[in-house]
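Colleague: Below is a structure I'd like to ask you about.
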Amino acid sequence: MKIAIIGSGYVGLVTGACFAQVGHEVICVDNDERKVKALNHGRIPIYEPGLEQLVLRNVAARRLKFTGSIEYGVDNSEVVFIAVPTPPRADGSVDLTYIEQVAREIAAVLKEYRVIVDKSTVPVKTGEKVADTIRRYNKVNVDFDVVSNPEFLREGCAVTDLMEPDRIVIGANSERALAIMEKVYEPFLAPIMVTDVNSAELIKHAANSFLALKISYINAVSAICEATGADIEKVAEGIGADKRIGRSFLNAGLGYGGSCFPKDIAAFIAISELIGEPFHLLQEVQRINQRQRERFLKRLRDTLWVLKEKRIAVWGLTFKPHTDDVRSSVAIDLVNDLIREGARVTAYDPKGNQRVQELDLCPGVHLANSALEAVQDAETLVLATEWPEFSDVDLTEVRDRMHTPIVFDGRNLFDPATMRDLGFQYFGIGRSLANSSGTNQNSNGASTHGGLRPLQECRGIADSSRVSRGGKTDRSVPMKDSISSLCRGNC
Ligand code: UGA
């Protein structure tokens with residue numbers, strides 16, 4: 001099928017590359033000329049495991065191209081996806097300026113029937129507004145349909161999530177549009193849920209809010225564990241073993257960040273207030289998230305006493321592992337909190353250093369070139385993002401390099417007993433040494449490598465045998481190779 005995708009950010013680019021990979025002809029449109037030029041020269045502006053290979057492969061196969069012209073995209077496609085940013089306003093509501101602008105631009109060049117698909121995360125009833133706008137600005141009265149098709153891609157696992165979705169949600173109010181959308185997703189062999197447009201829009205906000213609620217819930221329980229000597233990892237296993245609850249998104253830590261959860265929860269709260277049904281539960285989710293970082297800082301202060309002039313190493317700056325995205329990163333907020341208190345912070349992130357430097361996100365921080373360099377002479381190490389690379393660092397060398405071997409593990413990456421045996425003073429989130437068994441056990445009861453917390457793994461990118469064109473298996477499109485190993489992480 002011929003598909004245009006407007007917006008080549010995280011969502012647009014991953015979606016475009018994956019659609020091309022299953023055999024569709026995809027035109028990615030972006031108004032940033034430099035980005036279009038870079039992409040046309042094979043330079044990928046973001047780090048996302050597996051994405052570069054997919055883009056290069058599909059550009060070479062002529063299934064994927066990049067342009068700055070919306071008209072070219074709309075003229076040469078049956079379906080037009082909108083994947084532009086929906087940034088937050090100061091009051092938490094969503095700024096829909098880019099969506100409205102793209103709707104007007106599509107209207108101006110629309111000459112025959114197209115399905116216009118909203119992929120960006122938007123408040124309920126946005127689809128109706130997009131349809132009104134296109135109708136108003138299209139001079140030739142062309143027939144079209146607006147569909148909502150929310151994305152459920154986690155950064156760092158986005159390619160896998162798109163190739164092997166749990167479900168595909170299509171919110172369509174017309175049979176004609178639905179039939180076209182089903183053809184788009186036929187090669188993915190995944191369950192398709194059909195709803196009306198408003199329900200599909202709501203599914204996205206409700207899903208992200210629920211996941212954030214799970215995180216805040218376990219973080220609130222972690223505070224009780226710290227106060228009572230219970231162990232949050234065991235409590236999470238115990239809760240998560242109940243199939244009705246599930247273990248995922250019950251990892252206690254410094255709180256959620258990133259470009260989605262904080263923004264989407266604020267937006268959901270704002271919409272609920274606008275329609276007169278205020279969602280107070282989500283306000284508490286936000287409060288717990290904020291308090292989690294404050295509690296962590298308090299524990300640092302309680303242990304180190306004065307933070308001023310203390311040499312603190314921070315491992316991790318991105319909002320989660322396997323991405324270079326530093327937007328709304330709790331790690332960055334924490335570094336800035338420490339700097340404000342006068343600490344001398346040396347930070348290291350496997351992928352985030354460059355962005356932090358370019359955008360000057362942590363003025364006063366010293367950026368190290370490796371995890372070991374960061375801990376040299378440090379009086380404390382804070383682990384803020386659970387990159388697997390940090391699990392592989394020789395902890396004996398870390399201890400020897402540090403001035404005083406104190407570790408604050410903000411993501412419970414390390415095993416408390418192992419750390420104690422190595423001579424560290426160790427603080428995790430919601431865990432106490434008293435309850436540490438000395439070996440970490442995964443959910444099957446098996447001991448895990450090096451006493452580290454078990455990292456859940458991505459399911460890996462779809463197997464090549466599942467990739468098809470027009471429903472037929474296509475083994476000429478190589479799929480799996482090394483991408484699944486790149487996706488390994490906290491997925
Ligand atoms: C999230 C959703 O998971 C996706 O389904 C959704 O499509 C996406 O937002 C979006 O709206 O575009 P993402 O923000 O990329 O994806 O990353 P997550 O893996 O959900 O993590 C979000 C934050 O929660 C991170 O800061 C992470 O460290 C934190 N987290 C996650 C926890 O603190 N504990 C957990 O158990 C899980």
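Colleague: Run the numbers on the stretch 201-347 and let me know its relative contact order in percent, using alpha-carbon pairs under 8 Å that are six or more apart.
Modeller: After rounding, I find 23 percent.
Colleague: Mind checking the dipole of the chain: about its Cα centre, +1 per Lys or Arg Cβ, -1 per Asp or Glu Cβ, Debye to the nearest 20?
Modeller: My answer is approximately 260 debye.
Colleague: Could I ask something else about it? Taking R0 as 30 Å, what's the FRET efficiency between residue 397 and residue 284 from their Cβ-Cβ distance, rounded to 0.05? Don't skip to the end; give the middle numbers.
Modeller: Numbers: r = 43 Å, r/R0 = 1.42.
E between residue 397 and residue 284, to the nearest 0.05, is 0.10.
Colleague: Going toward the positive end of the dipole of the chain, with +1 on Lys and Arg Cβ and -1 on Asp and Glu Cβ, which of 200, 425, 279 do you reach last?
Modeller: About the Cα centre, the residue reaching furthest to the positive side is 200.
Colleague: Size of the stretch 108-237 along its principal axes in angstrom, Cα-based, largest extent first?
Modeller: Between the extreme Cα coordinates on each principal axis of the stretch 108-237 lie 70, 31, 23 Å.
Colleague: Within 10 Å of each candidate Cβ there may be at most 16 other Cβ atoms; applying that plus a DSSP loop requirement, which trypsin sites (Lys or Arg not before Pro) in the stretch 1-107 survive?
Modeller: Loop-located and lightly packed - 43, 62, 89.
Colleague: Please find the FRET efficiency linking residue 95 to residue 360, where r is the Cβ-Cβ separation and R0 is fixed at 25 Å, and quote it to the nearest 0.05.
Modeller: FRET efficiency, residue 95 to residue 360: 0.60.
Colleague: Also: Tilt of helix 175-185 relative to the longest C-alpha principal axis of the chain, in degrees (0 to 90, nearest 10)?
Modeller: 50 degrees
Colleague: Please label the shape of the stretch 60-172 as rounded, prolate or oblate, based on the square roots a ≥ b ≥ c of the eigenvalues of the alpha-carbon gyration tensor (a/c under 1.5 means rounded; beyond that, a/b larger than b/c means prolate, else oblate).
Modeller: The shape class here is oblate.
Colleague: Counting only residues 5 or more places away or on other chains, whose amide H sits under 5 Å from the amide H of residue 168 once H atoms are built in the peptide plane?
Modeller: Residues meeting the criterion, in which the H sits 1.01 Å from N, are 192, 193.
Colleague: Please state the shape class of the stretch 22-75: rounded when a/c is under 1.5, otherwise prolate if a/b exceeds b/c and oblate if not, all from the C-alpha gyration tensor.
Modeller: Because a/c hits 1.5 or more and a/b fails to exceed b/c, the stretch 22-75 counts as oblate.
Colleague: Same structure again: Can you tell me the 0 to 90 degree angle between the C-alpha axis of helix 280-304 and the longest principal axis of the chain, rounded to 10?
Modeller: Helix 280-304 and the main axis of the chain meet at about 30 degrees.
Colleague: Divide by every residue of the chain the summed helix terms, -39500 (n - 2.57) for each DSSP H run of at least 4, and state the resulting mean residue ellipticity at 222 nm, rounded to the nearest 500 deg cm²/dmol.
Modeller: Rounded to the nearest 500, it is -12500 deg cm²/dmol.
Colleague: Shifting gears a bit: Taking residue 35 as the anchor, which lysines have their alpha carbon closer than 17 Å to its alpha carbon, excluding any fewer than eight residues away along the same chain?
Modeller: Candidates past the 8-residue exclusion: 65.
Colleague: Quick one: 3J(HN,Hα) in Hz for the stretch 135-140, Karplus 6.51/-1.76/1.60 with θ = phi - 60°, rounded, Gly and Pro as x.
Modeller: 4, 5, 9, 8, 6, 9
Colleague: Whose amide H sits under 5 Å from the amide H of residue 383, counting only residues 5 or more places off or on another chain, with H placed in the peptide plane?
Modeller: Result for residue 383 returns 315, 408, 409, 410.
Colleague: So who's got an amide H within less than 5 Å of the one on residue 94, skipping anything under 5 residues away but keeping other chains? H placed 1.01 Å off N, in plane.
Modeller: 89
Colleague: Can you work out the Karplus-derived ³J(HN,Hα) for every residue in the stretch 338-347? Use 6.51 cos²θ - 1.76 cosθ + 1.60 with θ = phi - 60°, whole Hz, and x for glycine or proline.
Modeller: For the stretch 338-347, the Karplus-derived couplings read 5, 5, 4, 7, x, 6, 9, 9, 10, 10 Hz, x marking Gly and Pro.
Colleague: So, in Å, what gap is there between the alpha-carbon centers of the stretch 318-355 and the stretch 111-125?
Modeller: Centre-to-centre distance over Cα atoms comes out at 35 Å.
Colleague: Shape of the stretch 157-300 from its Cα gyration tensor (a ≥ b ≥ c, root eigenvalues): rounded if a/c is under 1.5, otherwise prolate when a/b > b/c, or oblate?
Modeller: In terms of gyration-tensor shape, prolate.
Colleague: Among the lysines, which have Cα under 30 Å from the Cα of residue 308 when same-chain residues fewer than 8 positions away are ignored?
Modeller: Cross-link targets: 298, 320, 351.
Colleague: Here is a follow-up. Return 322, 24 ranked ascending by Cβ neighbour count within 10 Å, so the fewest neighbours appear first.
Modeller: Result, fewest neighbours first: 24, 322.
Colleague: Take 421, 32, 118 and order them by how many other Cβ atoms sit within 10 Å, fewest up front.
Modeller: So the residues, fewest neighbours to most, are 421, 32, 118.
Colleague: Only sites in a loop by DSSP and with at most 11 other Cβ atoms within 10 Å count here; which chymotrypsin sites (Phe, Trp or Tyr not before Pro) in the stretch 152-207 make the cut? Display every interim value, and only then the final one.
Modeller: Values: sites: 152, 185, 188; in loops: 152.
The qualifying sites: there are none.
Colleague: Using 7 Å Cα-to-Cβ label points, what is the residue 109/residue 420 separation (nm, one decimal)?
Modeller: Going from the residue 109 label point to the residue 420 one covers 6.4 nm.
Colleague: Something else now. Arranged by the count of other C-beta atoms within 10 angstrom, fewest first, what order do 192, 265 take?
Modeller: With the fewest neighbours first, 192, 265 line up as 192, 265.
Colleague: So how far apart, in nm, are the two label points at residue 182 and residue 199 if each is 7 Å from Cα heading toward Cβ?
Modeller: 1.6 nm
Colleague: Also, quick follow-up: Roughly how far apart, in whole Å, are the Cα centres of the stretch 28-56 and the stretch 140-199?
Modeller: 23 Å
Colleague: Also: Among the lysines, which have Cα under 19 Å from the Cα of residue 125 when same-chain residues fewer than 8 positions away are ignored?
Modeller: 204, 263
Colleague: Oh, and also: To the nearest 20 debye, what charge dipole does the stretch 221-366 have about its Cα centre, counting +1 at the Cβ of each Lys and Arg and -1 at the Cβ of each Asp and Glu?
Modeller: 340 debye
Colleague: Can you give the relative contact order of the chain as a percent, counting alpha carbon pairs under 8 Å and 6+ residues apart?
Modeller: After rounding, I find 13 percent.
Colleague: How far is helix 197-228 tilted, in degrees, relative to the longest principal axis of the Cα atoms in the chain, given as a value from 0 to 90 rounded to the nearest 10?
Modeller: The angle comes out near 0 degrees.
Colleague: Determine the percent antiparallel among the DSSP beta bridges restricted to the chain, to the nearest 5.
Modeller: For the chain, the DSSP antiparallel bridge percentage is about 10.
Values in this text are rule-based calculations from the coordinates and carry no lab data. Note that the structure is predicted; figures quoted are calculated from it, not measured. Note that we place each Cβ from the backbone using ideal geometry, even for glycine, and neighbour counts take in every protein chain shown.
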